[in-house]
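Notes to accompany the following structure.
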Amino acid sequence: MPKYNINKFLSALLFFCSLIVSAKELNVAVGWNKPPYVIEKNDSGFEVEMLRAIFKKMGHQLNIIYTPVGRSSTILKKGLVDIGMTLSSRLDIAPAVFSSSYITYHNVAISLKGRGISLDKISQLSKYSIAAFQNANIYLGKEYSTVVDKSTFYVELPDQYKQVAMLLLGRTDIVVMDVNIFNYLSKEHLGKNHMDNVDVHYIFPTNAYHLGFFDEKIKDQFNKALITYKKSLGYQQLIKEYQFIQSN
């Protein structure tokens, strides 16, 4: 065997061995069921499958640990997991560190087309009945909280499927929730895509989310792998599979 080929073979072998040595099973904390992002019953969902694909390319396996909503950062800070999912940069996660933003959620106001509702700003919500997601008055800011206090009817529901049902049954004028969660749950409710029958009002800013890491080397590897993955055919196929609506 020529010397060049031997050296090439040895380099490839050393690289392969380094992957085996560095490969890890990583414990990842994620909030409970949040379809289509996280579907707990079969460890799937847009967000879960995207991260699993990225970490597989990096040579790691994810062990998903489901936690109550809002607990991922606490568990991460205590060192009970390696990674926390869907974390806002406003959180204090020290001594862990944030990755680049890997996913964006977009809360919107949604009304049935037949209602003829037009919304350009948050202040216009006050004259309508509203069913929002749990703790929306905290997450969506002071202006929203002040406005919905004046609403004709306002309720926050932990079960977002009930939000969708209320809108489709005409029991509320508006639901406030993430656009992809509505799209997914409305299809479950009706058995078909329902987006053509609603008006989506983009009156709230998008929310970018990050992973939290204890291992900065893995974090840096993830940031690089994320860029590559978002240019891949696999990412486009995942968007198509979940009929994922990209934020404006």
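We did not get these values from a lab; they are worked out from the coordinates using the rules stated. Since we're looking at a predicted model, the values are computed, not measured. Cβ: placed from backbone, ideal geometry, glycine included. Neighbour counts: every protein chain shown.
In nm, what is the difference between 0.36 nm times the number of residues separating E143 and Q237 and their Cα-Cα distance?
Extra length from E143 to Q237 when fully extended: 30.0 nm.
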Using only Cα atoms and rounding to the nearest 10 degrees, what angle (0 to 90) does helix 216-229 make with the longest principal axis of the chain?
70 degrees
Counting Lys and Arg as +1 and Asp and Glu as -1, each charge on the Cβ, what is the dipole of the chain about the Cα centre in debye, to the nearest 20?
560 debye
Computed magnitude of the charge dipole of the stretch 79-143 (debye, nearest 20; Cβ of K, R +1, Cβ of D, E -1):
440 debye
All-pairs Cα distance distribution in the stretch 34-138, expressed in whole percent, bin size 5 Å:
2, 9, 16, 19, 17, 13, 9, 8, 5, 2, 0
About the Cα centre of the stretch 107-201, what is the dipole size in debye to 20, counting +1 per Lys and Arg Cβ and -1 per Asp and Glu Cβ, all else neutral?
200 debye
Nearest 5 is fine: what % of DSSP beta bridges in the chain come out antiparallel, could you say?
50 percent
At 222 nm, what helix-only mean residue ellipticity would the chain give, in deg cm²/dmol to the nearest 500, using -39500 (n - 2.57) for each DSSP H run of four or more?
-11500 deg cm²/dmol
Grab the beta carbon distance between A208 and V97, set R0 = 22 Å, and tell me the FRET efficiency rounded to 0.05.
0.90
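Hey, what did the stretch 67-107 get for relative contact order, percent, Cα under 8 Å, at least 6 apart?
34 percent
So what is the relative contact order for the stretch 107-201, in percent, with contacts set as C-alpha pairs under 8 Å and at least six apart?
Relative contact order, the stretch 107-201: 42 percent.
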Please name whichever of L169, A131, V148 sits farthest to the positive end of the charge dipole of the stretch 111-197, dipole taken about the Cα centre and charges placed at Cβ: Lys and Arg +1, Asp and Glu -1.
L169
Sum of side-chain charges, M195 neighbourhood, beta-carbon under 12 Å (Lys, Arg +1; Asp, Glu -1):
+1
Overall Cα dimensions of the stretch 107-201 - principal axes, largest extent first, Å
36, 27, 19
Among [x] -0.40, -0.50, -0.87; [y] -0.47, -0.56, -0.87; [z] -0.35, -0.44, -0.77, which is the computed log10 I(q)/I(0) by the Debye sum over Cα atoms at q = 0.09, 0.10, 0.13 Å⁻¹?
[y]
Computed over the chain, the relative contact order (Cα-Cα under 8 Å, seq sep at least six) in percent reads 25 percent
So what's the gap between the Cα centers of the stretch 205-248 and the stretch 63-97, to the nearest angstrom?
17 Å
